[in-house]
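Student: Would you mind keeping the following structure in view while I ask a few things?
Readers should treat all values here as calculations from the given coordinates under stated rules, not as data from a laboratory. Everything quoted here is computed from the prediction, not taken from an experiment. When we count neighbours, we look across all protein chains shown, and the Cβ atoms used for this are built from the backbone with ideal geometry, even at glycine.
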Amino acid sequence: MTDAPDTFARDTVPAGNALIEARSTGVADPGWAVPTDPGSVPAPALVALPAAEGIPRKRPILPLVALAAVLLAAAAAGYIWWHARPPELPAGFVQGNGRLEADQIDIDTKFAGRVARLLATEGDSVRAGQVVAVMDTRDVEAQMRQAEALVRQADGAVEEAGKALAQQESAVLATVASVAQARRAVEEASANLELERSRVRFARQEVARTAPLVAKGYATHEMLDTRQQALDGALATQNAASARVGVAEHALLVTQRNAEGAAAGRDAAAARVEAARHAREAARQSVEFYRVTIADNALTAPRDGPIQYRVAGEGEVLPAGGRVFTMLDAGNLYMDVYLPTAQAGRASLGAEARIVLDADTDCVVPAKVVFVADRAQFTPKAVETRDERDKLMFRVRLRVNPERLRGREALVRTGLPGIGVVRLDPEAVWPARLVPAPVPAPVPPTAGP
């Protein structure tokens, strides 16, 4: 009768408190060896007791829920991938993955200077020739004004030199007239001298004929004297005419020298005019140089496309060649795909292609093959076995048709993943899902600040 309550108490106490329950009741438990002499035996050994039969044990539920969630997510992902994957391509086509890229163009300064104004910012779509930044050109403008003053001064010098040349030309004309007049005077004096010489010859003949007649008595001495006086007068006139010829020739020589001096003065004046004109042209070229420098300090977009990065801000001082913007060339949009040897060898330059971006699978962009690499990538260069050569990948560039990009430069983005499909067989017909839509309407460019 005394054992029943003790047994019930032991069964209802947790296993960890079995030792306490045994000691408190004084009843020997089968799993415990109670010593009769505490000093003769060491501490009692603990033996595991069987689980209590009256209390049910809880099973773990959280791991099962997590496993079910993982399996459900995997099934959903597999279902989505299976229905979203593109259908198989027909024969004559091949596809590869890639990212949409465009050539980056740096808009740099030509001269060192300070950024005065920025007329565009990141994300703006700009046109070729549009001014996107202006540099500080106050010093260059001052130099241009100085050069313009030199041009005006050179204009005055050219005008004065032209007037001096006109005077020298008038002097040359006057000396030429004087030379002509002196030459006529020489000619007249020479003619008079020749006339007087003929008269002298006639007078000598008269004297020569009269002298024998006087000796024979056929003529008087008075006649001989008269004819001798006529001879003497003719000789005197001849000498005077000869002197006039000498004077006329001297005058001609003087006028000729004057004409030469006037001609030399005219040439010098013409040289001064030419020098003044060259100086004026140099001044004008200086003005043009400063004008071009000012124009070059207005940074313009070389091609159509969006501004990708703004590197410098207003007020910053940049060296020559300092970068202000980086833009994308919207007219040269392409995607590089990688094809194995067998497929890359059949891809020819100019072959039709299509680009489909992951962001918009309904938009099919026409393109063409513009480059096929002559060397493989992603494999060691020393590979020689045929099996390894079959695994070589060649880069193939697909360039988007520029006509599709015209007027839609604002939508150009780089780095977007997608697939590129190349038609290897020119006779193959494009699948309906890869037929591009009509050319969309142009998108107006965005304006800068």
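Student: Based on the alpha carbon coordinates of segment 93-203, what radius of gyration and maximum Cα-Cα distance (Dmax) apply, in Å?
Tutor: Looking at segment 93-203, its Cα Rg and Dmax stand at 39.5, 129 Å.
Student: Read phi for every residue in segment 204-210 and hand back ³J(HN,Hα) as whole Hz from Karplus 6.51 cos²θ - 1.76 cosθ + 1.60, θ = phi - 60°, with x for Gly and Pro.
Tutor: 5, 5, 5, 5, 5, 6, 7
Student: Let me ask you something else. Which order, highest average first, do 287-293, 68-74 follow once you tally other Cβ atoms within 10 Å for each residue and take the mean per peptide? Show your work: numbers first, answer last.
Tutor: Numbers: 287-293: 15.7, 68-74: 10.0.
Those peptides, ordered most packed to least, come out 287-293, 68-74.
Student: Once you place label points 7 Å from the Cα toward the Cβ at Arg197 and Ala75, how far apart are they in nm?
Tutor: My value for the distance between the label points is 14.5 nm.
Student: A follow-up question, please. If amide H atoms are built 1.01 Å from N in the plane of the peptide, which residues on other chains or at least 5 residues away come under 5 Å of the amide H of Leu392?
Tutor: Sorted by chain and number, the residues that satisfy this are Thr341.
Student: Related question: Starting from the alpha-carbon convex hull of segment 156-199, give the projected area averaged over all orientations, in nm². Walk me through the numbers on the way to the answer.
Tutor: Numbers: hull surface 9.9 nm².
Approximately 2.5 nm², given one-decimal rounding.
Student: Further question on the same structure: I'd like the Karplus ³J(HN,Hα) series for segment 316-332: coefficients 6.51, -1.76, 1.60, θ = phi - 60°, whole numbers in Hz, and an x wherever there's a Gly or Pro.
Tutor: 6, 9, 10, x, 5, x, x, 8, 10, 10, 10, 10, 9, 7, 5, x, 9
Student: Can you order the peptides 313-324, 421-432, 334-345 by their average number of other Cβ atoms within 10 Å per residue, highest first? Let's see the in-between values first.
Tutor: On the way: 313-324: 13.2, 421-432: 15.1, 334-345: 18.6.
My ranking of the peptides, most packed first, is 334-345, 421-432, 313-324.
Student: On to the next question. Label-point separation (nm) for Arg284 and Thr341, each offset 7 Å from Cα along Cα-to-Cβ?
Tutor: 6.8 nm
Student: Give me the one-decimal nm value for the distance between modelled label points at Met223 and Cys363, 7 Å along each residue's Cα-to-Cβ direction.
Tutor: In this crude label model, Met223 to Cys363 measures out at 13.8 nm.
Student: Between Leu62 and Arg183, what length in nm is gained on full extension when 0.36 nm per residue of separation is reduced by their alpha carbon distance? Mind dumping the intermediate values first?
Tutor: Working: separation 121, 0.36 × 121 = 43.56 nm, distance 13.61 nm.
So the chain would gain 29.9 nm between Leu62 and Arg183.
Student: For a quick check: with amide H placed at 1.01 Å from N, whose amide H comes under 5 Å from Arg303's, ignoring anything fewer than 5 positions away on the same chain?
Tutor: Residues meeting the amide H criterion: Gly129.
Student: Using the Karplus curve 6.51 cos²θ - 1.76 cosθ + 1.60 with θ = phi - 60°, work out ³J(HN,Hα) for each residue of segment 430-437 in order, rounded to whole Hz, and write x for Gly and Pro.
Tutor: 3J(HN,Hα) across segment 430-437, in whole Hz: 5, x, 4, 6, 10, 7, x, 6.
Student: While we're here: So, R0 is 56 Å and r is the distance between the beta-carbons of Ala264 and Arg99; what FRET efficiency does that work out to, to 0.05?
Tutor: According to the calculation, E is roughly 0.10.
Student: Work out how much length Ile294 to Val254 would gain on full extension: take 0.36 nm times their residue separation and subtract the Cα-Cα distance, in nm to one decimal. Can you show the working numbers first?
Tutor: Numbers: separation 40, 0.36 × 40 = 14.40 nm, distance 5.95 nm.
Working it through step by step, the gained length comes to 8.4 nm.
Student: If you don't mind, another one. For Phe325, list long-range residues whose amide hydrogen, built 1.01 Å from N in the peptide plane, is under 5 Å from its own amide hydrogen.
Tutor: Ile107, Val311
Student: If the chain between Val176 and Ala116 were fully stretched, how many nm would it gain, using 0.36 nm times the residue separation less the Cα-Cα distance?
Tutor: Details: separation 60, 0.36 × 60 = 21.60 nm, distance 6.52 nm.
Gain in length upon complete extension: 15.1 nm.
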